[in-house]
Structures are given as C-alpha cells and as structure tokens.
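> Okay, here's the structure, questions in a sec.
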Amino acid sequence: MLKPLETGPALITGCSSGVGYATALAFRAAGFETFATARNGAALDHLRAAGCHILTLDVTDEAARRAAVEVVEKQFGAVGILVNNAGYGQYGPVEEISLDHMRRQFETNVFGALRLSQLVLPGMRRAGRGRIINVSSVAGRVSALGGGAYHASKFAVEALADAMRPEVEPFGIDIVNVLPGPIATRFEATLLRSIPDTGGQSPYLLFKAHLAQRMHAFLAPGGFGVLTAETVARIILQAAIARRPRTRYSVGFFARFGPIGRALAPDRLVDFVTRRHIRNTPLP
C-alpha cells in the first residue's frame with residue numbers, strides 16, 4: 001500500500017455531503033493532505049474541523065478549476081490524487097429533457113472531471129506519479145429508461161477513462177474508475193427534483209410519477225443492494241493507496257452483477273421487464 005508521502009496531496013470534488021464528504025474524512029484519517037471542495041464552501045466547515053483544507057470549487061467554472069489546482073500545487077506540489085466525485089443525476093424521459101439541462105449534466109459529470117484531469121496532469125507528469133480516480137457508476141455500464149441523460153454522462157466517463165489510461169501510463173500516472181451501485185445519499189433528492197415538470201398534458205405524466213416512486217424505493221436506505229457513502233469512500237481510498245490498483249472497482253451487488261445480466265439478456269427482454277417496473281399507464 002502506498003503511503004501519503006509517496007502519493008502527494010489529494011484533491012476531492014463534491015464534498016458537501018454523501019460520498020465526497022465521507023471520502024474526504026477517510027483520506028484525512030489516513031494521513032493525506034486533503035483538499036475538500038464544493039460549490040458552497042460554508043458546507044465544508046465540519047471537514048475543516050477534521051483537518052481538511054477547504055476550497056470553494058464549482059467544477060463547471062474554469063477560473064475556479066484553475067484556482068483550486070494552483071492552490072494545491074503552491075502549498076504541497078503536484079496534486080497526487082484527484083478524486084472526481086462531483087456530479088448529480090438528471091432523470092426523466094429523454095424527449096422532455098431540454099438541451100440546456102442535458103448540457104448542464106455533461107458540464108458537471110463529464111467536462112468538469114475531464115478539465116480538472118487535464119489541469120492536474122502536467123504537475124503529475126513533472127512529479128513522475130499521480131492517480132486520477134473517477135467516481136463513476138453502474139449507470140456507466142448499464143442504461144435504463146428514465147435515466148438516459150445521467151447514464152449517457154457516466155458512459156462518457158467510462159469511455160474517457162479507457163482512452164486516457166494507456167495515454168498517461170508511461171508518465172507514471174494511473175486512472176481508476178469506481179463504480180458504485182445505488183447509494184443512500186442526497187443524490188435521490190436531487191434526482192427527483194431533476195425530473196422535468198412539463199404540465200398535466202405531458203404524454204409522460206404517469207411515467208414520471210412511477211419513475212419517481214421507483215427511484216425512491218430503489219435508493220431507500222437499508223434496501224437490498226443499497227450502499228452507504230462510507231462503504232464507497234473506503235473503496236475510493238483503497239483505489240488510491242493500492243500500488244497496482246484495478247482499472248475498475250465495482251461496488252455492491254448491482255454494480256458487480258448488473259452488467260453481466262444486461263450483457264446476457266436480449267435488448268427487447270430488458271425493455272419489456274423495465275417497462276413493467278416503470279409504466280406509462282395507471283398501476284393495476
């Protein structure tokens with residue numbers, strides 16, 4: 001296992017709650033110089049008290065991205081570990097998701113992580129070491145109705161990681177994706193708010209109501225296969241300190257077995273089964 005002095009400082013995005021918050025605590029407890037970031041710096045006071053360095057960072061803001069990396073590099077040298085955790089889920093029928101909302105989904109989940117990776121790579125290359133950990137999702141391996149925008153963004157994260165990993169490996173840099181299944185965090189509340197309200201005449205009115213019910217049940221704390229933020233944070237830390245990490249860490253039942261089941265099942269069968277779970281007609 002690598003020690004903090006061997007890796008350098010850790011920069012973690014999306015730390016106001018959930019996985020990011022738990023990850024910042026885990027890294028600090030392991031002895032890392034930990035920079036915890038979020039759009040609202042005031043939400044990070046508990047992490048400051050725990051010994052983390054606090055930065056305000058909106059991952060969609062170029063000036064803020066540059067400033068965050070510069071602060072870390074000035075204080076401790078090159079970023080040793082970048083954890084791209086910031087993100088949210090845009091849900092709803094694809095037809096009703098505006099292009100502005102689709103762009104916002106990709107600006108946060110994909111382009112924010114990609115640009116931060118680009119910004120830390122020169123320093124990592126000079127240091128001859130570094131690790132970028134993307135908090136992806138089983139949604140990046142298996143797509144389903146109602147989550148097209150979110151799933152598309154996570155598929156993009158997966159594709160970019162597979163392209164970048166062999167590109168940066170000669171410089172001593174590694175890229176690792178952590179793919180959790182459902183997690184009991186504030187992610188659900190944001191997801192439910194994201195479903196577009198297009199009025200009572202929407203052809204997807206019942207579909208959206210059933211989608212909200214389904215996702216609420218799917219993400220309920222204590223439900224089958226539902227993870228805690230702390231469980232995911234432990235795997236992220238493991239991916240950071242392993243001398244030779246796996247390229248992907250699938251966390252939980254759904255992340256491990258969902259892609260296998262999806263690969264084996266015909267598309268039309270999957271469509272039929274998932275439509276029964278999220279109907280566009282009144283429930284019997």
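The values are calculated or read from the model by the stated rules, or taken from the named source; none is laboratory data. Everything quoted here is computed from the prediction, not taken from an experiment. Every residue, glycine as well, gets a Cβ built from its backbone with ideal geometry; the counts of neighbours run over all protein chains shown. Ligands, DNA and RNA are excluded from the accessible area calculation, which covers all protein heavy atoms including side chains. Shrake-Rupley method; radii C 1.70, N 1.55, O 1.52, S 1.80 Å.
> Residue under question is Arg125, and the condition is that it be in a helix (DSSP H, G or I), open to solvent by 20 Å² or more (accessible area, probe 1.4 Å), in contact (Cβ under 8 Å) with a residue 24 or more places away in the chain and basic (Lys, Arg); does it hold?
Spelling it out, Arg125 is indeed in a helix (DSSP H, G or I), open to solvent by 20 Å² or more (accessible area, probe 1.4 Å), in contact (Cβ under 8 Å) with a residue 24 or more places away in the chain and basic (Lys, Arg).
> Can you go through Ile183, Ile278 and tell me which one is touching a His at 6+ places or on another chain (Cβ under 7 Å), of a type in the set (A, V, I, L, M), touching a residue at least 24 places away in the same chain (Cβ under 8 Å) and surrounded by 14 or more Cβ atoms within 10 Å (Cβ to Cβ)?
Step by step, each of Ile183, Ile278 is checked, and only Ile278 is touching a His at 6+ places or on another chain (Cβ under 7 Å), of a type in the set (A, V, I, L, M), touching a residue at least 24 places away in the same chain (Cβ under 8 Å) and surrounded by 14 or more Cβ atoms within 10 Å (Cβ to Cβ).
> Within the range 50-63, restricting attention to residues that are under 13 Å from Leu11 (Cβ atoms) and not in a strand (DSSP E or B), which residue is nearest to the chain's Cα centre (by Cα)?
Among those that are under 13 Å from Leu11 (Cβ atoms) and not in a strand (DSSP E or B), it is Val59.
> Only residues that are modelled with pLDDT of 90 or more and within 23 Å of Ile133 (Cα to Cα): list them for the range 174-197, please.
Once the filter is applied, which keeps residues that are modelled with pLDDT of 90 or more and within 23 Å of Ile133 (Cα to Cα), the range 174-197 yields Asp174, Ile175, Val176, Asn177, Val178, Leu179, Pro180, Gly181, Pro182, Ile183.
Let's see how each residue does on (1) open to solvent by 40 Å² or more (accessible area, probe 1.4 Å); (2) more than 19 Å from the chain's Cα centre (by Cα); (3) over 21 Å from Glu96 (Cβ atoms):
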| site | (1), (2), (3) |
| --- | --- |
| Gln213 | yes, yes, no |
| Leu219 | no, no, yes |
| Gly225 | no, no, yes |
| Glu230 | yes, no, yes |
| Ala265 | no, yes, yes |
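> Please specify each residue of the range 138-149 satisfying the condition of being open to solvent by 10 Å² or more (accessible area, probe 1.4 Å) and either closer than 17 Å to Leu160 by Cα or under 13 Å from the mean Cα position of the chain (by Cα) (or both).
Val138, Arg141, Val142
> Kindly indicate which of Leu82, Leu2 is within 19 Å of Leu116 (Cα to Cα), of a type in the set (A, V, I, L, M) and not in a helix (DSSP H, G or I).
Leu82 is the lone residue from the list that is within 19 Å of Leu116 (Cα to Cα), of a type in the set (A, V, I, L, M) and not in a helix (DSSP H, G or I).
> Something else now. What about Ala139, is it modelled with pLDDT under 95, touching a helix residue (DSSP H, G or I) at 6+ places or on another chain (Cβ under 7 Å), closer than 15 Å to Val157 by Cβ and among the aliphatic types (A, V, I, L, M)?
Yes, satisfied.
> If you take the residues in the range 50-75 that are charged (D, E, K, R) and more than 17 Å from Leu121 (Cα to Cα), which one is surrounded by the most Cβ atoms within 10 Å (Cβ to Cβ)?
Among residues in the range 50-75 that are charged (D, E, K, R) and more than 17 Å from Leu121 (Cα to Cα), the one surrounded by the most Cβ atoms within 10 Å (Cβ to Cβ) is Asp58.
> How many of the residues making up the range 85-118 are of a type outside the set (Gly, Ala, Ser), under 26 Å from Val69 (Cα atoms) and open to solvent by 30 Å² or more (accessible area, probe 1.4 Å)?
Looking only at that region, the number is 8.
> Within the range 5-49, can you find the residues that are open to solvent by 50 Å² or more (accessible area, probe 1.4 Å) and over 16 Å from the mean Cα position of the chain (by Cα)?
Within the range 5-49, Leu5, Glu6, Leu25, Arg28, Ala29, Glu33, Asn40, Ala42, Asp45, His46, Arg48, Ala49 qualify.
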